[in-house]
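One structure below.
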Amino acid sequence: MNEKKMGTKALWAGEKAQLVHGATQVPVVHSVSFGYDDMDEWLDVATGQKEGHIYGRNTNPTVQAFEDKVKILEGAEAATSFSTGMAAISNTLATFLYPGDRIVSIKDTYGGTNKIFTEFLPKQQIEVELCETGNHEAIEEEVAKGCKVLYLETPTNPTVKITDIERMVQAGHDVGALVIIDNTFATPINQNPIELGVDLVIHSATKFLGGHADALGGVVCGREDLVEQIYHYREINGATLDPMAAYLLLRGMKTLHLRIERQNDNAQKVAEYLKTVDVVDDVFYPGLEDHPGHDIAKRQMRGFGGMLSFSVKGGMETVRHLLPKLQYANRAANLGAVETIVGPARTTSHVECTPEERAAMGIPEGLIRYSAGVEDLDDLIADLEQAFAALPENVLAK
């Protein structure tokens, strides 16, 4: 049979093994423990010699279905899940980095990730080198000095910058480094880093994978030997995905391909509209031909994603007046949901950072992050138009 396409995988992948009693949907298994009458079988399951479950902190049937679905969508050998996206990131880094190790990354990562790089890893005597995003030569130069991990995020949060994945994989593997990529913004519908040679792919499943802003979760997938090490760290340290959250994420992923197709289109058209607005200083979206990473994104992505950002004249004063006037956008610290979500970086992706830290990352205080939902495009554009039209004259004059 021919290889299934992404839409079919999003609906069917990973679920059959967990269906019971003729059910067509994966059940939510809330049991903390799983019992065995046969002591030898119990030992075989407990030691990984036989498939099964013994304790909810380790594994769970509902959670396994979610992991298997992501694994298949990303074309990975294995996957393991976490209570949040940041748990996935922090546990993965903690699994492989020890005092004296060196990690190379980029300046434009999610604020929580950046805090790990600038605050927590240095306390553990782990050397961190953050390079200018998009400066591939500078990244290659630092990687060539030697590193244990090369960590990337593409597109980045919130300025949607693009990194050439294949080129960075080559640089990392030349020095024996693990190459890890946060693929949250792209999703497996738009981009599969493993096909480009990446070792591990991370998602905040809270965002586009779940898609309904009602469940927290994270997941990492990749080579089986690497995922097994991450799983062991997680099972002992306890950042376990809740079965009910796993069910909600599974349910959300059934429409992943449909949502992403719509969000790709809406984000593209909104970005094109924003380019025509006088009060908008700049628009950041890789689908725009003048975006610095457009050609790379076109080569390694199937779609440009549902996330964009834009900066406005007047900075936060304009933001304060503009955002409350939007009728079809939640002003919230989230992204990737079916509803459009907006917010400045200083209260969303980089709230943990100081104004100086945000400025060093090239994030203006007047930057607005816009997560396009699946609403009718005409309504989204009209909503933006009325919000811009309602800006006070004294704000527009700045």
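Laboratory data are not the source of any read-out in this text; all were calculated from the coordinates shown. Keep in mind it's a predicted model, so treat the numbers as computed, not measured. FYI the Cβ positions are ideal-geometry reconstructions off the backbone, even for glycines, and counts take in every protein chain you see.
A few remarks follow.
- Gyration tensor over the Cα atoms of the range 135-272: the corresponding equivalent ellipsoid has semi-axes (square roots of 5 times the eigenvalues, largest first) of 27, 22, 11 Å.
- log10 of Debye I(q)/I(0), alpha-carbon scatterers only, for the chain at 0.06, 0.11 Å⁻¹: -0.24, -0.79
- Pairs of Cα atoms farther than 14 Å apart, the range 91-142, %: 51
- The range 88-193: translational diffusion in µm²/s, Stokes-Einstein, Kirkwood Rh over Cα pairs, 10 °C, 1.306 mPa s: 116
- Where N is the number of residues in the range 332-392, Cα Rg divided by 2.2 N^0.38 Å: 1.29
- For the range 13-116, the residue among A17, L43, M86 whose Cα projects farthest onto the positive side of the dipole built from Cβ charges is M86.
- Counting every alpha-carbon pair across the range 278-343, the share separated by more than 16 Å comes to 57%.
- Tail fraction, Cα-Cα pairs, the range 210-366, threshold 26 Å, whole percent: 42
- Calculated over the range 287-398, the projected area of the Cα convex hull averaged across directions stands at 8.0 nm².
- When each of the peptides 141-151, 287-297 is scored by the mean number of other C-beta atoms lying within 10 Å of its residues, the order from highest to lowest reads 141-151, 287-297.
- Rg followed by Dmax, in Å, when the range 138-186 is reduced to its Cα trace: 10.8, 30
- With 26 Å as the limit on Cα-Cα distance, the pairs of K115/K298; K115/K325; K4/K207; K275/K325; K145/K298 that go past it are K115/K298; K115/K325; K145/K298.
- Along principal axes, Cα extents of the range 164-219, largest first, whole Å: 41, 18, 13
- From the C-alpha gyration tensor of the range 219-273, square roots of 5λ in Å: 33, 15, 10
- Charged-residue dipole, Cβ positions (Lys, Arg, Asp, Glu), the range 269-387 about Cα centre, Debye nearest 20: 280
- Dimensionless Rg/Rh of the range 112-159 - Kirkwood Rh, Rg from C-alpha atoms: 0.96
- Computed magnitude of the charge dipole of the chain (debye, nearest 20; Cβ of K, R +1, Cβ of D, E -1): 640
- Taking only the Cα atoms of the range 32-126, the ratio Rg/Rh comes out at 1.09, with Rh defined as the Kirkwood radius.
- Net charge contributed by nearby residues that have their C-beta within less than 12 Å of T59 (K/R +1, D/E -1): -2
- Total charge dipole magnitude, the range 305-370, about the Cα centre, Cβ charges on Lys, Arg, Asp, Glu only, Debye to nearest 20: 240
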